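What follows is one structure encoded as structure tokens, with my remarks underneath.
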Amino acid sequence: MAHCRRKFYEALPAEKKKTMKLLDIHSPIAIKEPAIPQDDLEKYIPAEIGVAYCNKLFYLEREFKDLSPEERKAKRFEQEVPVWDNFWKWLDSLNTTKSSKLSKAVNYAQNHRDSLCTYLQDGRCELSNNAAERMAKSYAIGRKASLFHASVAGANASAIIYSLVETAKVNNLNVFQYIYTLLLYMPGHKNGSDGMEQLLPWSDFIKEHCSGLIDVETVTETVYITVYCRKLVCTRFPFSALRDLVLPMFA
């Protein structure tokens, strides 16, 4: 949906862009419910109305984001489906100039009609894929420093580490500390998966040990970490080795 809204926004004149705000589902700042023009439509340009419809949907999604998937789906059918119905009716009534920015926005919406509404079928899906694109951005930036993967195994390794990093970010963890903790405790689970749930980023154990800031400079070569693995086997591992392995990932 963000791509659809952006095309209507790009069709706005420069002075209108300065006054139109694009609402975000995950914004921490409370936002006012946007109004969709209903009367005196000649006072508004079509692109402005298109952005207003999109902003209305983003506003409703922000209101529903803390609900359970089942409740969110029910609320969507109750409040968002009527917005979509009015949007499609308005869109069908437009007579746009061929090859104009507005025409491109209208054609994009009509060509993706089914896919734009797919999220309504599952409360776990989001209206916009902005969050997923932001997560992929870190990989795209890193890719500039390493243009190619030398092997399929290397690509798989990158996918794993980036997945861990982005999942830690979503759960508000200290990324370095989380990776460090995984490297410490994972050897104790190499022969079985019992207790692995304690290493998931949303577990109480991880939240306790991987939140907040740490000062890696206070840990020297002579400091060792004592780790008690699943079978209570005591292992001593130099922190500096982990530090030298993990820190370059976030340089």
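Worth a mention:
- Index of the failed condition, ALA109 passing every other in (1) farther than 30 Å from PHE205 by Cα; (2) surrounded by fewer than 15 Cβ atoms within 10 Å (Cβ to Cβ); (3) modelled with pLDDT of 80 or more: (2)
- Filtering region 1-33 to residues that are under 24 Å from LEU67 (Cβ atoms) and polar (S, T, N, Q) leaves only SER27.
- Residue selected from region 34-73 under the condition of a type in the set (S, T, N, Q) and open to solvent by 30 Å² or more (accessible area, probe 1.4 Å), by the criterion modelled with the highest pLDDT: SER68
- Members of region 31-66 that are touching a Leu at 6+ places or on another chain (Cβ under 8 Å) and in a loop (DSSP other than H, G, I, E, B): ILE31, PRO34, ILE45
- Residue list for region 1-30, restricted to those being under 23 Å from ARG72 (Cβ atoms), in a loop (DSSP other than H, G, I, E, B) and open to solvent by 30 Å² or more (accessible area, probe 1.4 Å): LEU22, ASP24, HIS26, PRO28, ILE29, ALA30
- Any hit, region 74-82, residues being open to solvent by less than 40 Å² (accessible area, probe 1.4 Å) and farther than 20 Å from ASN129 by Cα: no
The values are calculated or read from the model by the stated rules, or taken from the named source; none is laboratory data. Not measured: the values here are computed from a predicted model. Here Cβ is always computed from backbone atoms with ideal geometry, including for glycine, and neighbour counts include all displayed protein chains. Just the protein is used for accessible areas: all its heavy atoms, side chains included, with ligands, DNA and RNA removed. Shrake-Rupley method; radii C 1.70, N 1.55, O 1.52, S 1.80 Å.
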